[in-house]
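The values are calculated or read from the model by the stated rules, or taken from the named source; none is laboratory data. This one's a predicted model, so the numbers in the text were calculated from it and none came from an experiment. In this analysis, Cβ positions are derived from the backbone assuming ideal geometry, glycine residues included, and neighbour counts consider all displayed protein chains.
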Amino acid sequence: MSAPSPAPPPPGRRRATLLRAAGLWAATLGAALAGALLFRALHLPLAAILGSLLGAALVANLVGTVPGGRTLRRGGQLFVGASVGAVLSPDILGALTALLPVMLAVAVLSNLAGLLLAVPLAKIAGVDRLTAVLCSLPAGMAEMATLAQELKADEQAVALVHTLRVVLVLMLIPLWLGLVAGTAQAPQPLFGMAGLSEILVLAAVSAAIAAAATRARIVNAYIIAPMLLCVAVVGAGHPLPPVPPLVLFAAQIAIGTSLGLRFRLDRLRRMPRLALGGCLSGIVLIGTAFVGLAAVVEHFSDLDHVSAILAVAPGGLGEMIASAATLGLLAAAVAGFQLTRSILTNLCLPPLIRWAAGLRPAA
């Protein structure tokens, strides 16, 4: 005889739960918007992403975390991916194709650096070698955490180290810009909605493609789909308008907020060795990219120094493309390098890791 199903909570409790969730969402989004506007008023680089990250993290750590961060991030990624279309042209597509060997070389070198860092990370953090590899690869957090769960590695450790690295990248880019540029740029105005209807159609089609691709286990689909759709449309001879500034600002806030929801201080306190190892390995990987790989990109391409930094930075694909768009840099080139590394790391390496994990002796 089956056990009776639990009784539903009384209406009063359900109402209180819904009200608390709505209040927490309002506080999170309000703090994220306030942080973005404050950073923008201070003329700080990456104001929308960093300001919203800080605001959402404050609410998440002081009050509570709301669910739905992944959905928020995917919505932002759709419009960030679509922003690449405005800077594409047949000539630029041809130039990116010519850079493909450099993109592949940088992607391979970046992954090799991550694999080498897995050895000291395992010792510092006290995690097994497989977990350290999944933590160190410059890949997507969600994809590596899912792979960790599949291979019975430490999923929480992987998620924490990847979150730390992306936050470190976003914090170090403004510092690096201050060193190489020296002056802060005035923020671009947010008014104007030209081309919104075309962008909304592009985003809707991309969302449908991304949903199907995600079910087929394609990684980073919500930013890759609009980018590839932009390439197809521009390649067919149809120019695309830029994403309206206010829409792109909101998309960056969505991405920053989702990052802030993941940045939990209680997890850092519970795993201090892992946090230390993640910070150290992240700084070394970022330094390798900023100093070594960026120099390779500058030497073999026409990218300026800051664009080369964003092209090789081991941060999230969406965050780096959004950063390039915000700074008025070569977003198409940055997207090309970041997309190449993402495809190599997230699609090609997992089968090799599964094969190598299958060779491990049983515990």
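Applying the condition of being buried (at least 24 other Cβ atoms within 10 Å of the Cβ) and farther than 21 Å from LEU50 by Cβ to the range 211-223 and asking which residue is modelled with the highest pLDDT yields TYR222. Apart from one condition, ALA82 fits all of (1) farther than 21 Å from LEU293 by Cβ; (2) among the small types (Gly, Ala, Ser); (3) modelled with pLDDT under 90; the exception is (3).
Is at least one residue of the range 296-307 surrounded by fewer than 21 Cβ atoms within 10 Å (Cβ to Cβ), acidic (Asp, Glu) and within 22 Å of GLN188 (Cα to Cα)? Checking the range 296-307: at least one residue is surrounded by fewer than 21 Cβ atoms within 10 Å (Cβ to Cβ), acidic (Asp, Glu) and within 22 Å of GLN188 (Cα to Cα). Selection of helices (runs of 4 or more DSSP H) fully inside the range 275-335 by the criterion of at least 2 residues being more than 22 Å from ILE224 (Cβ to Cβ) and in contact (Cβ under 8 Å) with a residue 60 or more places away in the chain returns 294-300, 305-312.
Note on the range 68-94: among residues that are without any contact (Cβ under 8 Å) to a residue 12 or more places away in the chain and over 18 Å from the mean Cα position of the chain (by Cα), the one that is surrounded by the fewest Cβ atoms within 10 Å (Cβ to Cβ) is ASP91. Condition check: crowded, with 17+ Cβ neighbours inside 10 Å, in contact with a Gly (Cβ under 9 Å, 6 or more places away or on another chain) and within 20 Å of ALA31 (Cβ to Cβ). Does ALA251 satisfy that? For ALA251, the condition - crowded, with 17+ Cβ neighbours inside 10 Å, in contact with a Gly (Cβ under 9 Å, 6 or more places away or on another chain) and within 20 Å of ALA31 (Cβ to Cβ) - is met. List pairs: first in the range 210-236 and touching a residue at least 60 places away in the same chain (Cβ under 8 Å), second basic (Lys, Arg), Cβ under 9 Å, 6+ apart or cross-chain? Partner pairs satisfying both residue conditions: ALA210/ARG74; TYR222/ARG73; TYR222/ARG74; ILE223/ARG74. Does the range 207-220 contain any residue that is closer than 15 Å to ARG74 by Cβ, over 18 Å from the mean Cα position of the chain (by Cα), β-branched (Val, Ile, Thr) and part of a helix (DSSP H, G or I)? Yes - at least one qualifying residue is present in the range 207-220. For the range 226-255, filtering for residues that are modelled with pLDDT under 90 and closer than 19 Å to ASN61 by Cβ leaves 0.
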